[in-house]
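Inspection log for the structure reproduced underneath, given as structure tokens.
Throughout, read-outs are computed from the coordinates displayed, never taken from laboratory work. A quick note: this is a predicted structure, and the numbers were derived from the prediction, not measured. FYI the Cβ positions are ideal-geometry reconstructions off the backbone, even for glycines, and counts take in every protein chain you see.
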Amino acid sequence: MTWRNFFLTHKHQISLHGVIFLWGFTGILGKLISIPSISIVWWRMTIALLGLLAFLVITKRTIRTSPKKALMYLTTGAITAAHWAFFFEAIKVSNVSITLTTLASTSLFVALIEPIFFRRKIIGYEVLFGLVTLAGLAIIFQAESEYSMGVLLALASAVLAAIFGTLNGVFVKNDRPTVITTYEMLGGVIGLSIYYLIVDQPFIIPNGIDWIWILILGLVCTSMAFVVSIEVMKTLSPFTVSISINMEPIYAIFFALIIFQDDEFMSPLFYLGGLIVMSTIFLNSYIKRKRTNA
């Protein structure tokens, strides 16, 4: 098989992993960008919003929806903004490896939150995996105590990610993803703008190379990645997408080690804790696949 035929046959899988790499690369960009975390998120969501609006204009799509739905999407966007703010702050006070590994605990909180929104029973093995995940995080916390604040911030980010991710799982049943995401980006911009008005914190405008990183973050890692992720979901199964997304922290940590080198090398206990966390995620995906096919 030629490289061209291989690409045509697996183009959706390749595109999906390209998107996952971009999502993982946001952590690296968060470390490279010198402005405060809140400012990073404001600019990211503003640029992403403009990118999505341009996409909607080019494709002649509308963002019309009911006022009730619009309000829910805007509120969820504010939650998303808070998630990203905690995420980038965790990276700034610790590093990419600590933050992305801890953020993988999102699945634990989804297991606890999802039954409320989807009105289903709590699944026993999900709770078990959640406890194992906590054990892995406890090892990380103990092994890298100097980064304890980063772990706590990343945990807060994981809780918020579980909330808005679960809400989007409900929203997408009744509306188009482009509509939902556009309103959420707008909600995040509004929420952070209100934050700037209330809190005595200066509004920072990027300078120099920060502009390049911010544009990549907003247009490539957010707007473009979103559009491509929607496209591949038309052909790939939900299981393929979900288990592939679990590769995000692995990609991010690998490239962080290459780029930042010594700053990202952790103790052996950290990697043991990280292995426990990642193992529960993949095992959870495997069991869900087996139960779906049973």
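If R0 is 45 Å, what FRET efficiency do you get for I14 and L112 from their C-beta distance, rounded to 0.05? In this case the efficiency is close to 0.85.
Dipole size of the stretch 36-293 about its Cα centre, with +1 on Lys/Arg Cβ and -1 on Asp/Glu Cβ: approximately 1560 debye, rounded to the nearest 20. Can you tell me which of S157, S193, S37 moves the most in a GNM of the chain? Springs connect C-alpha atoms under 10 Å apart. Top of the fluctuation ranking is S193.
Take the cross-link list K68/K121; K11/K121; K121/K173 and give me the ones stretching past 32 Å between alpha-carbons. Listed pairs above 32 Å: K11/K121.
Considering the chain as a Gaussian network with a 10 Å cut-off on Cα pairs, which listed residue, I35, I123, I216, attains the greatest mean-square fluctuation? Per the Cα network of the chain with a 10 Å cutoff, I123 tops the list. Fully extending the segment from I190 to R119, taken as 0.36 nm per residue of separation minus the present Cα-Cα distance, adds 22.5 nm.
I need to check one value: relative contact order of the stretch 42-166, counting alpha carbon pairs closer than 8 Å and at least 6 residues apart, in percent. The partial results should precede the final answer.
On the way: 105 pairs, mean separation 47.7, N = 125.
It rounds to 38 percent for the stretch 42-166.
Counted residue by residue at 0.36 nm each, then reduced by the alpha carbon distance between them, the extension gain from L128 to Q142 reaches 2.9 nm.
In the chain, which helices (entire DSSP H runs) extend 30 Å or more along their own long axis, judged by Cα positions, while averaging at least 1.0 on the Kyte-Doolittle scale?
On the way: long enough: 3-32 (38 Å, 0.45); 37-58 (31 Å, 2.03); 67-93 (39 Å, 0.64); 148-171 (34 Å, 1.90); 177-198 (31 Å, 1.21); 268-293 (38 Å, 0.33).
Helix filter hits for the chain: 37-58, 148-171, 177-198.
Helices in the chain, meaning DSSP H runs of at least 4 residues, each add -39500 (n - 2.57). Divided by all residues, the mean residue ellipticity at 222 nm is -26000 deg cm²/dmol. Sparse packing (at most 12 other Cβ atoms within 10 Å of the Cβ) combined with a DSSP loop state is found for the following trypsin sites (Lys or Arg not before Pro) in the stretch 1-107: K60, R64.
Over the chain, what number does the Rg to Rh ratio reach, with both radii from the alpha-carbon atoms and Rh per Kirkwood?
Numbers: Rg = 19.0 Å, Rh = 19.9 Å.
Rounded to two decimals, Rg over Rh is 0.95.
The mean sequence separation of alpha-carbon pairs under 8 Å and at least six residues apart, normalised by the residue count of the chain, gives a relative contact order of 37 percent.
Our analysis of the stretch 170-229 gives Rg over Rh at 1.07, with the two radii drawn from alpha carbon positions and Rh computed by the Kirkwood formula.
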